[in-house]
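Report on one structure; see the data block that follows.
Where a number appears in this text, it was derived from the coordinates with a stated rule and is not lab data. This structure is a prediction, so every number in the text was calculated from the model and none was measured. Neighbour counts are summed over all protein chains in view; Cβ atoms, including those assigned to glycine, are modelled from backbone coordinates with ideal geometry.
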Amino acid sequence: MNRTLRWLSRNPIWGFILLIFVFFSLANPFFFDLQNFENILVQTSTIGLIALGMTLVMINGNIDLSVGGIVALSASLVVDIQGWEVFAGWGDWQLVPAVAAALLAGVALGALNGLIVWWTGVDAFIVTLGAMLGIRGLVFVYTKEQSFYAANFAFSDFGSSNIGPLPTLAVVFLVCALLVHWLLSQTVHGRNTYAVGGNRQAAVNAGIRIGPHMMVNFIILGFLAALAGMTLASQMGASTPTLGQDYELWVITAVVLGGTKLTGGAGNIVGTLGGVLAIGILRNGMNLMQVPAFYVLVILGVILIAVLFLDRQLNRKGQEGYRL
Amino acid sequence: MTDRPTLTLSHIGKSFPGVRAIDDVSLDIHPGEVHALLGENGAGKSTLMKILAGMYQPDEGEITLDGARVVMRTPLEAKALGVVLIHQELSLVKELSVAENIYLGDLPRRSLGRVDWKTLYARVGDILKRLKCGFTPDTRVGDLSIANQQMVEIARVLTTTARVVIFDEPTASLTDAEKIVLFDIIRDLKAGGAAIIYISHRMDEIFTLSDRITVLRDGKHSGTLATTETNEDEVTRLMIGRSLDLTRRIEASTPGEVVLDVRGLSCGRLFQDVSFTVHAGEVVGFYGLIGAGRSEIAETLFGLRAPTAGTIRFRGEPVSIASPAHAISLGISLVPESRKEQGLVLELNCRDNITLATIDAMANGPFLSGSREAAVFEKYRERLRIKTPGWRQVVGNLSGGNQQKIVIGKWLATQPKLLILDEPTRGIDIGSKAEIHDLIRELARSGYAIIVISSEMPEVLKVSDRVIGMYHGRLMREFTAEEVTEDKLVQAISGIAEKKAASA
């Protein structure tokens, strides 16, 4: 019991999830339902995939604002390329070059972000702010402001398919979450991620090459953002050039709710999972209760600040006595 | 000692914009030798060590290791060659465990890039046992005391077979018992044939440990001596270029009324039951190790921290200091420990920095009066002898000594009755240091009540009328200028006096 309490005080977001879960279960008859839980998982998976990568980048002490653009670019690429005439006779194999191109674009843009941060030493916020605008522009140029529709039906079916009892997209998300959790908690790269964000000078002194290290995390995030773009396109069977707008804000909100510090050095995947689920449950629950969409935003904003205040109160060791 | 040195530096030179940090320094260190490196702050010791550790590249000269010329472009390359630097500033990641910190950058791996926790904890367990550390490998470093964090830093050397080990002020925050363990480790390394460079300000340590002593002054090689053939006076002379009794008091003072009277002041576990008084025209020195609670007392008096018990009387009135703004209005000023982080807005010019705390008095309604600001600046430039081309100079471009004078000027402008100076000469060259010491005495003469917090014993002894020794958040002893000696003070702040009292 004591251990559970201590765990909750370190991850207050899961206590909060418990709270809203009970609340919505009691307040709305449609909430507590297996089908609805699956909905929440699928709705969460897009933001969730990006949030996994963002957790790595933010523990590093960086940030990436360009993820929304990558989502749109990868969605446009995957939907467009599968319809190219060159691949017309390939059957379902036409998806292979489409998916490869989309993932490659994500990896390349992540690498580019990382390289610029590494070589110029310019703050990641500025670099990726530029990338956010630039990539979005690229998407409009590429699509000529048009929406694309998926030519291959297997692609659209994928988004609504099931593996056993679970929706495929939820499974993809959970598997990725496990992999990133393992990377962060078990590998040398994961330890170095904390070290670089916690005390950059110490990491340099210890001989960690922080430039390439940070680039790897940007690449992982680019890959996951591209993957998220594809799952989104698959759900809609189409892509639009404005896809993924504001996603960077939702992702950062989720990651911060999950306890990752904006300054780096602290955070974990369990928390991030909590962060995305909390947002997913709140949106779903309020939607079922027919709260108007704009009020939902207001409530989410208030909750973000409240949860972080709670976290500060629970974990203010070493700060005792300081007045602000 | 064998004939061929492990490490040779020849004619090393290094410049930074506006500073010649290292000028034609040559040095050789033999296997099994402890080579002490001395010099005042700013003499170039740290720069030289950073060159050796691969953090800086020399502009001129070359480094040879075991007779072969080497170029170390990064700390990793230096480490691969067997050159290890124990940092003075703790270079630790607070969020990670002791074991992870010790092997940072070199964590043992299993397949798939996983961390090999078993090997890691076993190795670190052995190292901690050897160092007689009372904490476990999985302790979070942020939860350790500063002294224990220093031990973690030291433990890092034992993870590699180092050819050259550089200790940069390793004992600054250690207790005596921990020092003995450290010295044993150094002797072990020495017996194993490592070449050791030992940087310290403490003469006793240098004479206990070292085989030879090299002194740097203003970035130049001032002399290399065999330890057995020299003495403290000669080394001091090489360091400062003249013979100087650093511990001599400047003058006695004539204290006036009681300005500050603190009774039983506590703040959580930071410090407990602290009582003292400060009179007008008097300098009270606070001496102790890092983490002894000195700065925290200053912050409490300045309204930055809320005390948990005790009373403060200021000029006879009981006060509860709610905020820095309140402290300033009462007449209390704090010149903080870290000039660049807490004292100055580095991007602003001299005038704007000096009027920062008195900005309301510089305005007519909402509009600032440039001429009034300039007048204040000129007043303190003259009084404190600040060397700057003019008020437009950005303070980031000034020398450390002049920056510190700007901070002091800013606080004098608030017309305080009590001036608290926390490490007033940290990182300042020796000339400016003497000037600031004179200035502190001058301010006392003109009636200010002054508290000086310092980690440098000569400084405390030189400027104070009374000295208070602190240990682990408690006042251990109070000395008058006449009775205080280095020995007594060291005993008071290292807890020896306490142990003696306990066993008696």
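Structure above, values below:
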item: All aspartates and glutamates inside 19 Å of B:LYS340 as judged from Cα atoms, apart from same-chain residues fewer than 8 positions distant; result: B:GLU89, B:GLU296, B:GLU299, B:ASP352, B:ASP422, B:GLU423, B:ASP429
item: At q = 0.13, 0.19, 0.20, 0.22 Å⁻¹, base-10 log of I(q)/I(0) for region B:346-481 (Debye sum, equal scatterers on each alpha carbon); result: -0.60, -1.10, -1.18, -1.35
item: Equivalent ellipsoid, region A:1-97 (semi-axes from 5 times Cα gyration tensor eigenvalues, Å); result: 38, 22, 11
item: For region B:258-503, alpha-carbon Rg and Dmax in angstrom; result: 18.2, 66
item: GNM flexibility winner over chain A from A:TRP118, A:TRP93, A:TRP14 (Cα, springs under 10 Å); result: A:TRP93
item: Per-q log10 I(q)/I(0), region A:188-310, q = 0.10, 0.11 Å⁻¹ (Debye; single scatterer per alpha-carbon; no solvent); result: -0.43, -0.51
item: Distance cut-off 17 Å, percentage of C-alpha pairs in region A:117-228 lying past it; result: 70
item: Hits among lysines - C-alpha to C-alpha of B:LYS129 under 29 Å, sequence gap 8 or more where chains match; result: A:LYS317, B:LYS79, B:LYS94, B:LYS118, B:LYS179, B:LYS190, B:LYS499, B:LYS500
item: Radius, Kirkwood style, for region A:184-243 when every pair of distinct Cα atoms is counted (Å); result: 13.6
item: Pairs of Cα atoms farther than 32 Å apart, chain B, %; result: 49
item: Kirkwood Rh in Å, taken over all unlike Cα pairs in region B:7-240; result: 18.4
item: Sequence of B:ARG263, B:ARG269 once ranked by neighbouring C-beta atoms within 10 Å, starting from the fewest; result: B:ARG269, B:ARG263
item: Order of A:VAL122, A:VAL204, B:VAL407 under a 10 Å beta carbon neighbour criterion, fewest first; result: A:VAL122, A:VAL204, B:VAL407
item: Ellipsoid semi-axes in whole angstrom, largest first, where each is sqrt(5λ) of the Cα gyration tensor of the protein assembly as shown; result: 55, 34, 27
item: Trypsin sites (Lys or Arg not before Pro) restricted to region B:326-405 and DSSP loop, no more than 16 other C-beta within 10 Å; result: B:ARG385, B:LYS387, B:ARG392
item: For B:108-118, mean number of other protein chain Cβ atoms within 10 Å; result: 3
item: Global form of region A:107-172, assessed from the alpha-carbon gyration tensor, a/c cut-off 1.5; result: oblate
item: Hydrodynamic radius by Kirkwood, which averages 1/r over all alpha carbon pairs of chain A, in angstrom; result: 20.5
item: Share of Cα-Cα pairs in region B:294-381 lying beyond 23 Å, as whole percent; result: 37
item: Loop chymotrypsin sites (Phe, Trp or Tyr not before Pro), region A:239-301, which have at most 15 other Cβ atoms in a 10 Å radius of their Cβ (DSSP); result: none
item: Where trypsin sites (Lys or Arg not before Pro) in DSSP loops with at most 10 other Cβ within 10 Å are excluded, longest remaining stretch of chain A; result: A:145-315
item: Length-normalised contact order for chain B - Cα pairs under 8 Å, 6+ apart - percent; result: 15
item: Enclosed volume per residue, in Å³, of the convex hull spanned by Cα atoms of region B:53-162; result: 125
item: Computed [θ] at 222 nm, helices only, for chain A once each DSSP H run of length n ≥ 4 contributes -39500 (n - 2.57); result: -24500 deg cm²/dmol
item: Computed [θ] at 222 nm, helices only, for chain B once each DSSP H run of length n ≥ 4 contributes -39500 (n - 2.57); result: -9500 deg cm²/dmol
item: Kirkwood hydrodynamic radius (C-alpha pairs) into Stokes-Einstein, region B:10-103, 10 °C and 1.306 mPa s, D in µm²/s; result: 107
